[in-house]
Amino acid sequence: MMRPQLYIGGDSMATKVPSHYTESKEIVSGIQKLAYKHPVEQIFQDWLEICAIAVSNSVDWREREDREKRYLMLINKYDREEQQQLVELFAKLVMALEAEAQSGTPCDILGGVFRGLELHNKYKGQFFTPNHVCNLMGDLMIDVDLTEMINSQGYVSVCEPCIGSGGIVIGFAAAMADKNWNYQQQMCVTACDIDLKCVHMAYLQLSLYGIPAVVVHGNSLTMEEWSHWYTPSYITGFWDMRERQKRRGTTESSTEYVSTNESIMDDIQEEVELKVDESGQIRMF
């Protein structure tokens, strides 16, 4: 797997800019253009939550009604033209993450958007780990022999008590792909953050990368939990059942569980089109 690099050649020096830099700048520019009436930080938070709810409501029936009300309350703060621009920014994010997934180098794009909007000043020095550090940490973690664990239970469980924008988990996913493991089928993530903005950032990126995950809005120290965000891959892959089986140390058949949820799965599949590319990775779009 090729990492983004600096290329020098010919008669002049030329820099090949990683694609996620370009897409991050486009999203940053789009949000800044909307800031004539609303503060940048408010637009960013609203946009994240609107997008996260749109993804969640495609699969999570239990939270759908309440989150739909929240979605309408947020989106109606903006006029029709602004709403269209927010939708277009979401489309840019989807295409950007899709491009990174297909390149074999998933990375944290929303962390770059946060930095590009200079919101670290607004949020008292809050920074998200840069992609190159996330990739290094992923490579270091992958050096642990995971083969036995994956062979015994089919996947590895990952716990991230302070998920931020999801960069460390995405870096681990990139390292798995580099070792020819399928992070969409051989990894399941449980993550938490006290900052709802971070919950939405991580949830969006893990969802669009097709990573099975539950992102908890909660406090890892006090064990308080306020909401759970299940990625589409987590729900459609019955990962809740698989994780419960692992904790119980059982190997019971999933036939009964699946049969009782066939109607739910039929409804989900009508709204969510899952695609499998040549590498075996699953895509929502």
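The values are calculated or read from the model by the stated rules, or taken from the named source; none is laboratory data. Model, not experiment: these values are computed from the prediction. Don't worry about glycine lacking a Cβ; one is built from the backbone with ideal geometry, like all the others, and counts go over all protein chains shown. Heavy atoms of the whole protein, side chains included, go into the accessibility calculation; ligands, DNA and RNA do not. Shrake-Rupley method; radii C 1.70, N 1.55, O 1.52, S 1.80 Å.
List the pairs whose first member sits in the stretch 105-120 and is farther than 18 Å from Val199 by Cα and of a type outside the set (A, V, I, L, M, F, W, C), whose second member is open to solvent by less than 20 Å² (accessible area, probe 1.4 Å) and modelled with pLDDT of 90 or more, and whose Cβ atoms are under 7 Å apart, counting only residues at least 6 apart or on separate chains?
Hits for this filter: Thr105/Ala174; Pro106/Ile170; Pro106/Ala173; Pro106/Ala174; Pro106/Tyr209; Gly116/Val28.
Among residues belonging to the stretch 149-194 that are small (Gly, Ala, Ser) and in a loop (DSSP other than H, G, I, E, B), point out the one that is farthest from Glu49 (Cα to Cα).
Within the stretch 149-194, the subset small (Gly, Ala, Ser) is 152, 154, 157, 164-167, 171, 173-175, 177, 191.
From what's left, in a loop (DSSP other than H, G, I, E, B): 154, 164-166.
Working: Gly154: 33, Gly164: 15, Ser165: 13, Gly166: 16 Å.
This residue is Gly154.
Whether any residue in the stretch 201-220 is more than 19 Å from the chain's Cα centre (by Cα) and over 27 Å from Phe90 (Cα atoms) is what I want to check.
yes
Rundown of residues vs (1) at pLDDT 95 or above; (2) under 20 Å from Arg62 (Cα atoms); (3) among the polar types (S, T, N, Q); (4) touching a Pro at 6+ places or on another chain (Cβ under 6 Å), yes/no style:
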position: Ala213; (1), (2), (3), (4): yes, yes, no, no
position: Val216; (1), (2), (3), (4): yes, yes, no, no
position: Trp226; (1), (2), (3), (4): yes, yes, no, no
position: Glu243; (1), (2), (3), (4): no, yes, no, no
position: Arg248; (1), (2), (3), (4): no, no, no, no
position: Ser253; (1), (2), (3), (4): no, no, yes, no
position: Glu256; (1), (2), (3), (4): no, no, no, no
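Looking at the stretch 195-208, is at least one residue in a strand (DSSP E or B), closer than 14 Å to Cys159 by Cα, touching a strand residue (DSSP E or B) at 6+ places or on another chain (Cβ under 6 Å) and of a type outside the set (Lys, Arg)? Working first, answer last.
Looking only at the stretch 195-208, we keep the residues that are in a strand (DSSP E or B), and these are none.
No, every residue in the stretch 195-208 fails to be in a strand (DSSP E or B), closer than 14 Å to Cys159 by Cα, touching a strand residue (DSSP E or B) at 6+ places or on another chain (Cβ under 6 Å) and of a type outside the set (Lys, Arg).
Give the stretch 175-191 a look and list any residue that's open to solvent by less than 50 Å² (accessible area, probe 1.4 Å) and within 13 Å of the chain's Cα centre (by Cα), or say none.
Residues satisfying the conditions are Tyr183, Gln184, Cys188, Val189, Ala191.
Of the residues Gln85, Gln102, which single one is open to solvent by less than 80 Å² (accessible area, probe 1.4 Å), polar (S, T, N, Q) and not in a loop (DSSP other than H, G, I, E, B)?
Numbers: Gln102 fails: open to solvent by less than 80 Å² (accessible area, probe 1.4 Å).
The conditions single out Gln85.
Are any residues in the stretch 113-136 open to solvent by 80 Å² or more (accessible area, probe 1.4 Å) and modelled with pLDDT of 75 or more, and if so, which ones?
Filtering the stretch 113-136 for residues open to solvent by 80 Å² or more (accessible area, probe 1.4 Å) gives 118, 121-122, 124, 127, 132, 136.
If the condition is that a residue be open to solvent by 80 Å² or more (accessible area, probe 1.4 Å) and modelled with pLDDT of 75 or more, then Glu118, His132, Leu136 are the ones that fit.
Only one residue in Arg62, Arg67 is closer than 19 Å to Val215 by Cβ and open to solvent by 80 Å² or more (accessible area, probe 1.4 Å). Which one? Write out each step before concluding.
On the way: Arg67 fails: open to solvent by 80 Å² or more (accessible area, probe 1.4 Å).
The match here is Arg62.
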